[in-house]
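Peer 1: Let me begin by handing over the structure; questions about it come next.
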Amino acid sequence: MSAFLAIVRRDLLLAMRRKSEVLTALFFFIIVVSLFPLGIGPEPALLKKIAPGILWVAALLSTMLSLNRLFATDHADGTLEQLVLSPTPLGLLVAGKIGAHWLTSGLPLVLLAPVLGLQFDLDTSALGILVVALLLGTPLLSLIGAIGAALTLGVRGGGVLLSLLVLPLYIPALIFGAGAVEAHISGLGATGHLSLLAALLALAAFFAPWATTAALRIALE
Amino acid sequence: MHSATLSVSGLSCIRGERRLFSAVGFDLAPGEWLHVQGENGSGKTTLLRALVGLSPPAEGDIRWGGEPIRRLGEDYRREMLYLGHHGAVKEELTPLENLKLAAALDGRHLDERESLAALHRFGLKGREELPVRFLSAGQKRRVLLARLVTRNARLWVLDEPFTALDVKAVDMLSALIAEHLQNGGLAILTSHQAMPMPSGKAIKL
């Protein structure tokens, strides 16, 4: 357990020292989301309808931006080899890295989303559902993304390949995440969508670190 | 508890289409060291990576204390330290942070005094709090080598450990390896230079 906390602390410390990478993904999210109300114009009914989809798509794309750095820097400087050779189980270290990735790229999105949602005329309860949906969905994005990042490790032009590989896998998260807010606005209640999102998260939390570990071992052979 | 002996038999590795080496075998007992020699591209690094379990060999058997290393897994990795020719230090972190975090990832707690002592031993006094990217290539190498002191591994597998080191650091490292062997440790190294150390076993690939 101490090794798990150590790798989370290490990756957070590294993110602190390389602030620009974290901030780039964050500003990308803010700008993409803000472009839509400016482009579409002041039509509250339309904006309200497209808001959940836009916020979610922007969250997916912004997560993609930070994904290829997840293992690539450790791979380049040889620290990934040391992680594989550490007496600590690799799955635990990988889970720690995924956790740190969520803290630096997923959690800020969750915190920013309600502010950005105001541009789309979402009311307080809809913003609440949006935050809950993102809170369940963004760890899912980090978990699934980690598998893709490990599979494309060391591949030339891996960044584009990573998007092609991972974005289709994000579709369920997108459907249930955006669907939760839409269902709430239309009065159907968001519980069903949120439960499915939580189920997906539980499944991914169990399998993704294991699959990522296997992919990393292959990449290093 | 098994004895700390490494025995390798009938090892062969294939890289792409090419067979790099075949039927490599040796036994290494506590206090012994092995010098892996060979031209560039003869498979020295591949052999070391197979020995530490990073890439499985095509054929052959690697045993630590009589048990295959695949089966030992974490128990083997706890007793073994591999330093490749990558830096394996984080440029953004200071030498002190690098050393302490590396130990923490291995599930060990390293106190401030112990890590400072290791860094001072490698002549990094006054640079403990400086991000590694401001250090020279040789100094980065020394940060990595400080792990030899703090890790307490019995088997050291070192790929070109003398690269980028100055004369003084080379002496320091060979003294450290000699001390490790005297305490019953084992070492496997590759180097193109003549080794400034008591003679050990050697294989040529």
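The values are calculated or read from the model by the stated rules, or taken from the named source; none is laboratory data. None of the values given here were measured: they were computed from a predicted structure. Cβ placement follows ideal geometry from the backbone for every residue including glycine, while neighbour counts extend to all protein chains displayed.
Peer 1: Which residues, counting only those in segment A:67-84, are in contact with a helix residue (DSSP H, G or I) (Cβ under 7 Å, 6 or more places away or on another chain), of a type outside the set (Phe, Trp, Tyr) and within 23 Å of A:ALA205 (Cα to Cα)?
Peer 2: A:LEU67, A:ASN68, A:ARG69, A:LEU70, A:ASP74, A:LEU80, A:LEU83, A:VAL84 - these are the residues of segment A:67-84 that are in contact with a helix residue (DSSP H, G or I) (Cβ under 7 Å, 6 or more places away or on another chain), of a type outside the set (Phe, Trp, Tyr) and within 23 Å of A:ALA205 (Cα to Cα).
Peer 1: Taking the options B:LEU116, B:LEU130, name whichever one is in a helix (DSSP H, G or I) and of a type outside the set (S, T, N, Q).
Peer 2: Criteria check complete, one pass: B:LEU116.
Peer 1: While we're here: Of the residues B:ALA153, B:ALA88, B:ALA104, only one is among the small types (Gly, Ala, Ser), farther than 24 Å from A:MET16 by Cβ and within 13 Å of chain A (Cβ to nearest Cβ); which?
Peer 2: B:ALA153
Peer 1: Hey, another quick one. Look through segment A:76-98, keep the residues that are surrounded by fewer than 21 Cβ atoms within 10 Å (Cβ to Cβ) and under 21 Å from the mean Cα position of the chain (by Cα), and return whichever of them is farthest from the other protein chains (Cβ to nearest Cβ).
Peer 2: Per the criteria, the residue is A:GLY91.
Peer 1: Pick from B:LEU145, B:LEU130, B:LEU116: which is within 14 Å of chain A (Cβ to nearest Cβ) and farther than 23 Å from B:THR45 by Cα?
Peer 2: Only one candidate passes the filter, namely B:LEU130.
Peer 1: To continue, here is another question. Which members of segment A:198-220 meet the condition of being more than 13 Å from A:ALA146 (Cα to Cα), in contact with a Gly (Cβ under 9 Å, 6 or more places away or on another chain) and either hydroxyl-bearing (Ser, Thr, Tyr) or more than 14 Å from chain B (Cβ to nearest Cβ) (or both)?
Peer 2: A:LEU200, A:LEU201
Peer 1: Can you tell me which residue within segment B:67-85, out of those that are part of a helix (DSSP H, G or I) and more than 7 Å from chain A (Cβ to nearest Cβ), is farthest from the chain's Cα centre (by Cα)?
Peer 2: Restricting to residues being part of a helix (DSSP H, G or I) and more than 7 Å from chain A (Cβ to nearest Cβ), the top hit is B:ARG71.
Peer 1: Follow-up. Scan A:LEU165, A:LEU136 and give me the residue that is surrounded by fewer than 22 Cβ atoms within 10 Å (Cβ to Cβ) and either over 14 Å from A:THR63 (Cβ atoms) or in contact (Cβ under 8 Å) with a residue 12 or more places away in the chain (or both).
Peer 2: Within the list A:LEU165, A:LEU136, the selection yields A:LEU165.
Peer 1: Any residue at all in segment A:133-143 that is over 30 Å from A:ARG217 (Cβ atoms) and of a type outside the set (A, V, I, L, M, F, W, C)?
Peer 2: Checked against the condition, which is being over 30 Å from A:ARG217 (Cβ atoms) and of a type outside the set (A, V, I, L, M, F, W, C), segment A:133-143 yields no hits at all.
Peer 1: Let me ask another. Could you check how many residues of segment B:67-93 are buried (at least 22 other Cβ atoms within 10 Å of the Cβ) and either among the hydroxyl-bearing types (Ser, Thr, Tyr) or farther than 22 Å from A:SER2 by Cα (or both)?
Peer 2: 4
Peer 1: May I ask you to verify whether B:LEU99 is out of contact with any Phe, Trp or Tyr (no Cβ under 7 Å at 6 or more places or on another chain), in contact (Cβ under 8 Å) with a residue 12 or more places away in the chain, hydrophobic (A, V, I, L, M, F, W, C) and buried (at least 22 other Cβ atoms within 10 Å of the Cβ)?
Peer 2: So B:LEU99 passes the test.
Peer 1: Here's a follow-up. Scan segment B:44-66 residue by residue and report those that are more than 9 Å from chain A (Cβ to nearest Cβ), on the phi > 0 side of the Ramachandran plot and in a loop (DSSP other than H, G, I, E, B).
Peer 2: Within segment B:44-66, B:GLY65, B:GLY66 meet the criteria.
Peer 1: Now, a different point. Of A:LEU188, A:LEU141, A:LEU162, A:LEU216, which residue is at pLDDT 90 or above, under 24 Å from A:ALA51 (Cα atoms) and either in contact with a helix residue (DSSP H, G or I) (Cβ under 9 Å, 6 or more places away or on another chain) or outside any helix (DSSP H, G or I) (or both)?
Peer 2: Going through A:LEU188, A:LEU141, A:LEU162, A:LEU216 in turn, the sole match is A:LEU141.
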